[in-house]
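The values are calculated or read from the model by the stated rules, or taken from the named source; none is laboratory data. Just so you know, these numbers come straight off a predicted model, no measurement behind them. Reconstructed Cβ throughout: ideal geometry from the backbone, glycine too, with neighbour counts over all protein chains shown. Ligands, DNA and RNA are stripped out before the accessible areas are found, and what is left, the full protein with its side chains, is counted by its heavy atoms. Shrake-Rupley method; radii C 1.70, N 1.55, O 1.52, S 1.80 Å.
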Amino acid sequence: MRIPAAWLTGIIIIIKDSKNENGENMGRILSLPKELWDNRALIFKLAKNDFKTKYAGSYLGIIWAFIQPIVTIVMYWLVFEKGLKAGAQISKNGISVPFVLWLSAGLVPWFFFSEALGSGTNALLEYSYLVKKVVFKISILPIIKILSALFVHVFFVAFVLILFACYGRLPDLYVLQVVYYSFCMFILVLALCYTTCSVVVFFRDLSQIINIVLQIGMWATPIMWPFASTVKNESLQFFFKLNPMFYVVNGYRDALIDKRWFFEMPGLTLYFWLVVVFFFLLGTVIFKRLKVHFADVL
């Protein structure tokens, strides 16, 4: 089987750069957060422009960004609650929760994660004309796409809070944790995107692989089915909890439904942040090693 030249280029670069000293690697890791902070005004400006231009030319414009997720929630609600008679869900504290609320609390964070990971992965490909500019900080491109997706996520968090209020569940102090879990998810997807956006330049099939992984992950997180009452085996429970998005989706439901603080799960919280740090370090090293060759491949 013939290996594509772009694959070989990326592999050779990583092998050669792996001989660098630890001090140089640490310099790469520390320089990325500084670049993002120093260019924060430009990042926010470009993120707003990206959000506006994504739907430019259509009659409804940015409204399309909100229509599809709402239609998806309504569709799943009709199928599971009305069609399959899923009924209400029982929360951890024994309170019966309408299925539409339980479903929305899990779907909304997943919408952001899947959109941000998909668009962040293709950031360098989409903005290839900026990658080829010598003076432009290409390290800000992934976070631009993620911020663009965050604008829609903020809308849907407000939508969910209004939906909960319509069912008599008004916001309280626990709801403030939605900000924390949104931050968790933002950092997680940013960490992942620095690896995926670097690799996809040399291996274009990665975009399709990620789409498949996201389809599987939606059911494995879990979002559509109750975890506690379905998975009884402790080994299987441990396996599902290895997915970092389990922590986030479970956290949204803890904040909105179960009324539990994140620090009541110290083990799971510590594990999540260790995973985020690992992926961020990995993504930073890979991105910094490969970025000087992006323009040549693109």
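In the stretch 166-201, how many are closer than 21 Å to F280 by Cβ and open to solvent by less than 80 Å² (accessible area, probe 1.4 Å)?
So the count comes out to 21.
Just to be sure I understand the filter: pairs with C-beta atoms under 7 Å, separated by 6 or more residues or on different chains, first member in the stretch 111-128 and closer than 22 Å to A295 by Cα, second member of a type in the set (D, E, K, R) and open to solvent by less than 30 Å² (accessible area, probe 1.4 Å). Which pairs pass?
Short answer, once both residue conditions are applied: S119/K145; G120/K145; A123/K145.
Taking the residues in the stretch 96-142 that are under 20 Å from F280 (Cβ atoms) and outside any helix (DSSP H, G or I) as candidates, determine which candidate is least open to solvent (accessible area, probe 1.4 Å).
Checking each candidate, the answer is N122.
Here's a check for you: in the stretch 16-40, which residue that is at pLDDT 75 or above and under 22 Å from the mean Cα position of the chain (by Cα) is least open to solvent (accessible area, probe 1.4 Å)?
L32
State whether the residues of the stretch 274-289 include one that is closer than 17 Å to T121 by Cβ, modelled with pLDDT of 90 or more and surrounded by fewer than 16 Cβ atoms within 10 Å (Cβ to Cβ).
Yes, some residue in the stretch 274-289 is closer than 17 Å to T121 by Cβ, modelled with pLDDT of 90 or more and surrounded by fewer than 16 Cβ atoms within 10 Å (Cβ to Cβ).
Within the stretch 213-256, restricting attention to residues that are in contact with a helix residue (DSSP H, G or I) (Cβ under 9 Å, 6 or more places away or on another chain) and of a type in the set (K, R), which residue is most open to solvent (accessible area, probe 1.4 Å)?
Filtering first and then ranking leaves K241.
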